[in-house]
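**Q** Shown below is the structure under consideration.
The values are calculated or read from the model by the stated rules, or taken from the named source; none is laboratory data. What you are looking at is a predicted structure, and each value in this text was computed from that prediction instead of being measured. When we count neighbours, we look across all protein chains shown, and the Cβ atoms used for this are built from the backbone with ideal geometry, even at glycine. To get the accessible areas, we keep the full protein, side chains included, count just its heavy atoms, and leave off ligands, DNA and RNA. Shrake-Rupley method; radii C 1.70, N 1.55, O 1.52, S 1.80 Å.
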Amino acid sequence: MNKPLQADAWTHREMDTPEILALRAYLEANNGIKGLDILEPGDTEHAVNLFRRDGFVVIANVLSSEQTDFLAKGCNEVAREILALDGDRAGNRGSHRYSFGGSSLTRSQLHRPEWQMLLDIPAVTEIVTAIFESPNYVLRAASGDFCLPGAVEYQPLHADVNDWRSDERTPFSAYHDPRGQISIRDLPCPYVCVNFLPQDVTRLNGPTRQIPGTQNSRVRIPRLDDEPEWMRLSTVCPAPAGGIMIRDVRAWHGGTPNVSDSMRAIPNLEFYAPWFREPIVPGITYEDYRKLSEHAQRLVRHCVADSSETLVTGPTLRAP
């Protein structure tokens, strides 16, 4: 299997200080959601029930070993391109922490064959269709994130979609109730993220923390300094390579320390419900779109650049 990137392990960070050794021991002993359910493909009804209860669900054995290796190789290649722009490892999601989409000129990795492969995974299609109760959902972007060893800080808890905000703050915001009575959190799930695991996710390599049942909460998300310890340890691990984590992006989540010796990547596909849209940035050329399966073409139909346009791709630390 293609191993996670190790060449940049602990760049600009000391890995054997007393503080890091203590953190590593503490996470090894305590990190992870107790009794985490990890399902198998085909257990779709159970998966949907857990997703609606907790705001996320984990499914093992979704990718074959060949697909997992291909995806891991692609993540390593993209990461190297991004890291070549950031010798100080300042990151764009915190120190030693990066977004695959936020590090791409198209805000997506859909131009890469590794992410295109993910469009045709039967278990993903079955579960996402069941969540939306319709096959007519569409792709928003192909993105994800990665963190390097030495990402020792916690990322603040956050959600990936919110009620309308002015264009001065973000162009990617749409839902608004002018009466002020209904929030996006009162709706059925409008936006699903499927994270793929090209390597094992362990207690030490930066597992995502998810706070179960927060997808419909209107309570203010706690600041990092106010976050109780159980939330910091509410991480989705251990989880095996070749699996997926499907998330309602309204649920509170955040990054955690990577005190291992290799990169942790969670590439993703992001889907809008049939009835929900926010602005979508083109991420694939018309020529490459024509090479996709009929199913994949239907999913990405809003992500295709015009046939007369040149799609400029490449790494960046600040996506336009």
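**Q** Out of the range 107-158, which residues are of a type in the set (Val, Ile, Thr) and farther than 22 Å from Leu27 by Cβ? Give the derivation first.
**A** We begin by selecting, within the range 107-158, every residue of a type in the set (Val, Ile, Thr); these are 121, 124-125, 127-129, 131, 138, 152.
Hits for the range 107-158 are Ile121, Val124, Thr125, Ile127, Val128, Thr129, Ile131, Val138.
**Q** Still on this model: Checking the structure you have, find out if any residue of the range 4-16 is at pLDDT below 95, surrounded by fewer than 19 Cβ atoms within 10 Å (Cβ to Cβ), on the phi > 0 side of the Ramachandran plot and out of contact with any Pro (no Cβ under 6 Å at 6 or more places or on another chain).
**A** Checking the range 4-16: at least one residue is at pLDDT below 95, surrounded by fewer than 19 Cβ atoms within 10 Å (Cβ to Cβ), on the phi > 0 side of the Ramachandran plot and out of contact with any Pro (no Cβ under 6 Å at 6 or more places or on another chain).
**Q** Among the residues in the range 156-172, are any closer than 30 Å to Met15 by Cα, outside any strand (DSSP E or B) and not aromatic (Phe, Trp, Tyr)? If you could, list the steps in order and put the result at the bottom.
**A** Let us first name the residues in the range 156-172 that are closer than 30 Å to Met15 by Cα, namely 156-158.
Of the ones still in play, those that are also outside any strand (DSSP E or B) are 156-157.
Keeping just the survivors that are not aromatic (Phe, Trp, Tyr) gives 156-157.
Yes - at least one qualifying residue is present in the range 156-172.
**Q** Name the single residue, out of those in the range 176-218 being assigned to a loop (DSSP other than H, G, I, E, B) and among the charged types (D, E, K, R), that is nearest to Gly254 (Cα to Cα).
**A** The extreme case among them is Arg203.
**Q** Test each condition in (1) touching a strand residue (DSSP E or B) at 6+ places or on another chain (Cβ under 7 Å); (2) of a type in the set (A, V, I, L, M); (3) touching a residue at least 60 places away in the same chain (Cβ under 8 Å) for Val48 and report the one that comes out false.
**A** If we test Val48 against (1) touching a strand residue (DSSP E or B) at 6+ places or on another chain (Cβ under 7 Å); (2) of a type in the set (A, V, I, L, M); (3) touching a residue at least 60 places away in the same chain (Cβ under 8 Å), just (1) comes out false.
**Q** Give the number of residues within the range 104-133 that are assigned to a loop (DSSP other than H, G, I, E, B), out of contact with any strand residue (DSSP E or B) (no Cβ under 6 Å at 6 or more places or on another chain), of a type outside the set (A, V, I, L, M) and open to solvent by less than 40 Å² (accessible area, probe 1.4 Å).
**A** The qualifying residues number 2.
Results for (1) open to solvent by 20 Å² or more (accessible area, probe 1.4 Å); (2) within 13 Å of the chain's Cα centre (by Cα), shown as yes or no for each residue.
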| residue | (1), (2) |
| --- | --- |
| Ser143 | no, yes |
| Phe146 | no, yes |
| Glu153 | yes, no |
| Ala159 | no, yes |
| Ser183 | no, no |
| Cys193 | no, yes |
| Pro198 | no, yes |
| Gly213 | yes, no |
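**Q** Continuing with the same structure: What are the residue pairs meeting all of these: first residue in the range 302-315, first residue more than 16 Å from Gln109 (Cα to Cα), second residue at pLDDT 95 or above, Cβ atoms under 6 Å, and 6 or more apart or on different chains?
**A** These pairs meet every condition: Ser307/Tyr286.
**Q** Regarding Arg53, is this residue of a type in the set (Lys, Arg), in contact with a Gly (Cβ under 8 Å, 6 or more places away or on another chain) and crowded, with 20+ Cβ neighbours inside 10 Å?
**A** No.
**Q** If you go through the range 149-180, how many residues are in contact with a Ser or Thr (Cβ under 7 Å, 6 or more places away or on another chain) and among the aliphatic types (A, V, I, L, M)?
**A** Counting residues in the range 149-180 that are in contact with a Ser or Thr (Cβ under 7 Å, 6 or more places away or on another chain) and among the aliphatic types (A, V, I, L, M) gives 1.
**Q** Test Thr208 against the stated conditions and say whether it is under 18 Å from the mean Cα position of the chain (by Cα) and open to solvent by 10 Å² or more (accessible area, probe 1.4 Å).
**A** Criteria met by Thr208.
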